[in-house]
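Asks: Provided herewith is a single structure, encoded as structure tokens, for subsequent inquiry.
The values are calculated or read from the model by the stated rules, or taken from the named source; none is laboratory data. The structure presented is a predicted model; accordingly, all values stated were derived computationally and were not measured. No Cβ is skipped: glycine too gets one built from the backbone with ideal geometry, and neighbour counts run over all protein chains shown.
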Amino acid sequence: MKIVFLCGSLEPGRDGVGDFTRRLSGELIRQKHSVAAVALNDMYVVNEITSSQEVDGINLPVLRVPSVQPLKTRFERAKGWIKEFDPEWLSLQYVPFSFHSKGLPFGLSKLLSELGQGRRWHIMFHELWVGMNVESSKKYIWWGWLQKQLIKSLISGLKPNLIQTQTRLYQAQLSKLGFNSGFLPLFPNIPNFNKTKAIYVEKNTSFKDEISFVIFGAIHPGAPIEEFAKDISQYAKNNGRKISLSLIGRCGEEQKNWTTIFRSVGVDVKLVGEQIPERISELLGNASVGISTTPIALADKSSAIMVMREHGLTVVCVSMPWQPRGVLNLEPLPGIIEYRKGNLELCLSGKSDLSIVNTLPEVSNLFIDSISATV
């Protein structure tokens, strides 16, 4: 199979969808497919770059077109590069904000149609629109309505052979728009370097004198931090256990709030920062419980959650209120529990379930099987 992936940026470690694209592409090359990737709106370069990127020991051909170039210039250059590579498939990794700063990429459908004439299209929806939850303001609801119209235009214009997404919520939303989509799950973007058969042992059974919580990656605002920290402090006193919290990676501005609040209730907070993948794997492997600030309805689109589950951690979602509008009865991923005031003991008694943690080769095989079935 000959495939070109299209995304916004391809700066390693700086763009989640770009990293997903790079690792998926690398694995497909390992499986003897011919694959390349194009960044159509790369914010991390000022000049066009045509090169190869090393991904898990594989060289991936890439074209990175800087966002500072005029829109038509970018797409004309990409069209010429793609024509030379001559793929059977173009796979659009769609995030509205990857192609426009306000998430409103007007004209994208027409430009992509011209770029991919005569080729089969696959669209992977990593994000859809803002204002999807019942708590949204009118501004975000109208903003999301515009994004929804652009998605309709995109699908109608490209007439993709296959649509996929990585969340059950997004499948339901696309179905409401009248489009069928397949499910392509995320894989952990950091492997478990220390995986043994013992990793499948339920970690909560090993709580002894200390419970080590861990947050990996960006922390979203609006979480009930004070309530959560107080519940943890009270749990520690009631059970005679020491509590620690480690913050790993680029956690963002909210890191300050979490650090201040948890230290105020006597929790030992460790600011680990960015580390090499092997060290991150080691830290997660030694932790007791993972914390995510991603709403539970969107848990299956969080690469950080996938990494924590890969390392045998029960994940507690501590997030702002976020209830999808018009979509009910979504099943949460196994091993993930939503924190509510007073339910901490329930969260800590959760079972680690790695039965559906998807590896990179498994997701790559599913992707190839899915597009092959449409031919």
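Asks: Which residue pairs have Cβ atoms closer than 7 Å, lie 6 or more positions apart in sequence or on different chains, and pair a first residue in the range 68-91 that is free of Cβ contacts under 8 Å to residues at least 60 places away in the same chain with a second residue that is surrounded by fewer than 16 Cβ atoms within 10 Å (Cβ to Cβ) and among the aliphatic types (A, V, I, L, M)?
Replies: Qualifying pairs under 7 Å: VAL68/VAL46.
Asks: Right, next: Looking at this structure, is GLU127 surrounded by 15 or more Cβ atoms within 10 Å (Cβ to Cβ), in contact with a Pro (Cβ under 8 Å, 6 or more places away or on another chain) and closer than 30 Å to LEU169 by Cβ?
Replies: So GLU127 fits the description; yes.
Asks: Right, another one. Give LEU71, LEU90 a once-over and let me know the one that is under 23 Å from the mean Cα position of the chain (by Cα) and either on the phi < 0 side of the Ramachandran plot or assigned by TED's automatic domain parsing to the domain that holds PHE367 (or both).
Replies: Sole residue among the options that is under 23 Å from the mean Cα position of the chain (by Cα) and either on the phi < 0 side of the Ramachandran plot or assigned by TED's automatic domain parsing to the domain that holds PHE367 (or both): LEU90.
Asks: Let me ask something else about it. Note down all Cβ pairs under 6 Å where the first residue falls in the range 5-19 and is assigned to a strand (DSSP E or B), the second is polar (S, T, N, Q) and crowded, with 24+ Cβ neighbours inside 10 Å, and they're at least six residues apart or on different chains.
Replies: Listed pairs, sorted by first residue: PHE5/THR21; PHE5/SER25; PHE5/SER91; CYS7/THR21.
Asks: So, of the residues in the range 161-187 that are out of contact with any helix residue (DSSP H, G or I) (no Cβ under 9 Å at 6 or more places or on another chain) and touching a residue at least 24 places away in the same chain (Cβ under 8 Å), which turns out to be farthest from PHE125 (Cα to Cα)?
Replies: LYS176
Residues checked against (1) in a loop (DSSP other than H, G, I, E, B); (2) over 24 Å from the mean Cα position of the chain (by Cα); (3) outside the structural domain of VAL327 (by TED's automatic domain parsing):
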residue	(1), (2), (3)
SER113	no, yes, yes
GLY118	yes, yes, yes
TRP121	no, no, yes
LEU128	yes, no, yes
GLY131	yes, no, yes
LYS139	no, yes, yes
GLY144	no, no, yes
GLN149	no, no, yes
ILE155	no, no, yes
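Asks: Mind telling me which of the residues LEU284, LEU333, LEU344, LEU328 ends up being outside the structural domain of TYR170 (by TED's automatic domain parsing) and within 23 Å of GLN234 (Cα to Cα)?
Replies: Selected residue: LEU344, the only one of LEU284, LEU333, LEU344, LEU328 that is outside the structural domain of TYR170 (by TED's automatic domain parsing) and within 23 Å of GLN234 (Cα to Cα).
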